[in-house]
Amino acid sequence: MAYVTPGTVAAGDVATAAAWNVITNDVISFRDGTGIVPPSASVAAANQAIANGTNTDLTFGSTATWDTNTMFSSGSPTRITIKTTGIYIISTQVKFFNGTTGFRYGALVVNASTTYVQFDLLTNTTLDPFEITSSEQLVLTANDFLTLRLYHTQGTSLSASGRMSATLLGRTT
């Protein structure tokens, strides 16, 4: 989509509706139906059982905390789907409960890939609950999807909860 250069004005000129549309649509709008609000979504997961030694994607609640660009759907409750190509800041938070042995691992996963953005690994924690947080900047393309994957070696199932948000920082195209 090409940028349209606004026309010039002289003292006494009256701005037309067409001129204002050029300014608001091409200068300050993200052109995605959200006006000047950047595409952004935040989801939360209540406590759920994470099996020992098993990669598990957190399942988020049925509605997003906020979602300015239909990036979350209860039909795919483990993911945020990117709608607008660009640079995103992704924030995550995970809390493990009920255990102090083994290690805890969390990862931000893009497109169910085996390449993870690992955000923590802790061995033999004495902390209960144990919280992991992360903030990443990623270049993402429309239809990429993000999941929050957990793994642990407690020996028994652990309870965990979490949050994830994605907000467009800027466009790459």
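The values are calculated or read from the model by the stated rules, or taken from the named source; none is laboratory data. Quantities reported herein were computed from a predicted structural model and do not represent experimental measurements. As a convention, Cβ positions derive from the backbone with ideal geometry for all residues, glycine included, and neighbour counts pool all protein chains shown.
A compact table of results
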item: Contacts under 8 angstrom Cβ, first residue in segment 49-64 being under 22 Å from Ala166 (Cα atoms), partner of a type in the set (A, V, I, L, M) and exposed (fewer than 13 other Cβ atoms within 10 Å of the Cβ), 6 or more apart; result: Gly61/Ala46
item: Flag for Ala41 being within 21 Å of Asn98 (Cβ to Cβ) and modelled with pLDDT of 90 or more; result: no
item: Positions within segment 148-173 being part of a strand (DSSP E or B) and farther than 17 Å from Trp66 by Cα, in sequence order; result: Leu148, Arg149, Leu150, Tyr151, His152, Leu158, Ser159, Ala160, Ser161, Gly170
item: Residues satisfying the stated conditions in segment 139-155, i.e. surrounded by 23 or more Cβ atoms within 10 Å (Cβ to Cβ) and over 12 Å from the mean Cα position of the chain (by Cα); result: Leu150, His152
item: Residues being at pLDDT 85 or above and within 20 Å of Gly53 (Cβ to Cβ) - total across segment 106-135; result: 4
item: Qualifying positions in segment 44-66 - part of a loop (DSSP other than H, G, I, E, B) and under 20 Å from Phe103 (Cβ atoms); result: Ala51, Asn52, Gly53, Thr54, Asn55, Leu58
